[in-house]
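The values are calculated or read from the model by the stated rules, or taken from the named source; none is laboratory data. Quick caveat: nothing in here was measured; it's all calculated off a predicted structure. Here the Cβ is made from the backbone with ideal geometry for all residues, glycine too, and neighbour counts use every protein chain on show.
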Amino acid sequence: MAETNPEKKLFFNSKTILALGFVLLVVVVTVFSFLNRNETALQEGTVVIKAGGTTVGSFTLADIRQLPAVEKKMTIHSSQGNTEHDFTCVPLLDVLNSIDPELTLRYEKILTKGVDNYTSGLNMSEVLQPDNVYIAYADYGKPLKTKTGREGSMRLIICNDVYGQRFAMWLVSLELQ
């Protein structure tokens with residue numbers, strides 16, 4: 001009669017389970033990576049405007065520079081201290097109207113998103129207020145830097161928000177709601 005070693009059998013089963021668990025983990029990570037891939041990676045220098053999951057327009061840094069610019073001097077208060085700025089910018093209202101003048105009438109809120117996935121929100125009523133919401137592209141006459149340190153970024157600024165908590169640096173997306 002053949003002798004069976006229960007410890008050897010248990011060790012073999014544990015090894016098999018461990019190997020199968022590892023293979024399953026690799027498969028799950030691969031599937032989630034595939035599902036979460038971003039085929040339309042957002043790039044600085046272009047801002048995509050979406051509504052209800054559909055792209056309704058976009059604008060580039062070159063497009064913004066074609067609109068009448070204003071200078072906005074402001075102090076931004078933060079936990080790291082106060083910073084002085086002299087932004088060259090365009091009212092967000094002008095940008096939206098250049099794409100579709102009906103956008104401000106059809107939507108009540110805007111979620112802004114930076115390339116770093118920082119998201120903040122504002123009400124359309126804030127956009128409609130004179131001298132309040134701008135897309136900045138230069139500070140003290142120098143182009144805003146991208147997250148990687150190159151020239152060519154945009155930043156949303158809200159003049160009535162002196163703490164700058166809702167300012168979206170490295171702006172790449174506006175979602176209208």
Got a number for residues in segment 163-177 being modelled with pLDDT under 95 and surrounded by 13 or more Cβ atoms within 10 Å (Cβ to Cβ)?
5
Which of the following residues is out of contact with any Ser or Thr (no Cβ under 9 Å at 6 or more places or on another chain) and either among the β-branched types (Val, Ile, Thr) or surrounded by 14 or more Cβ atoms within 10 Å (Cβ to Cβ) (or both): TYR118, TYR134?
TYR134
Filtered residue count, segment 153-169, keeping only those that are in contact with a Phe, Trp or Tyr (Cβ under 8 Å, 6 or more places away or on another chain), in contact (Cβ under 8 Å) with a residue 24 or more places away in the chain and part of a loop (DSSP other than H, G, I, E, B)
4
Any residue at all in segment 121-131 that is touching a residue at least 40 places away in the same chain (Cβ under 8 Å) and not in a loop (DSSP other than H, G, I, E, B)?
yes
Only one of these conditions is not met by LEU96: (1) within 17 Å of PHE167 (Cβ to Cβ); (2) surrounded by 20 or more Cβ atoms within 10 Å (Cβ to Cβ); (3) under 19 Å from the mean Cα position of the chain (by Cα). Which number is it?
(1)
Consider GLU126 against the criteria (1) within 14 Å of the chain's Cα centre (by Cα); (2) at negative phi: it satisfies all of them except one. Which criterion is unmet?
(1)
Give me the residue from segment 12-43 that is modelled with pLDDT of 65 or more and under 30 Å from PHE59 (Cα atoms) and, out of that set, surrounded by the fewest Cβ atoms within 10 Å (Cβ to Cβ).
GLN43
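Test LYS142 against the criterion of being in contact with an Asp or Glu (Cβ under 9 Å, 6 or more places away or on another chain) and free of Cβ contacts under 8 Å to residues at least 60 places away in the same chain, and give yes or no. Can you show your working first?
Numbers: in contact with an Asp or Glu (Cβ under 9 Å, 6 or more places away or on another chain): yes; free of Cβ contacts under 8 Å to residues at least 60 places away in the same chain: yes.
In short, yes.
Can you say whether ALA168 is out of contact with any Lys or Arg (no Cβ under 9 Å at 6 or more places or on another chain) and of a type in the set (A, V, I, L, M), as far as the supplied structure shows?
Details: out of contact with any Lys or Arg (no Cβ under 9 Å at 6 or more places or on another chain): no; of a type in the set (A, V, I, L, M): yes.
Criteria not met by ALA168.
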For PRO143, only one of the following conditions fails: (1) surrounded by 15 or more Cβ atoms within 10 Å (Cβ to Cβ); (2) of a type outside the set (A, V, I, L, M, F, W, C); (3) within 17 Å of LEU174 (Cβ to Cβ). What is its number?
(3)
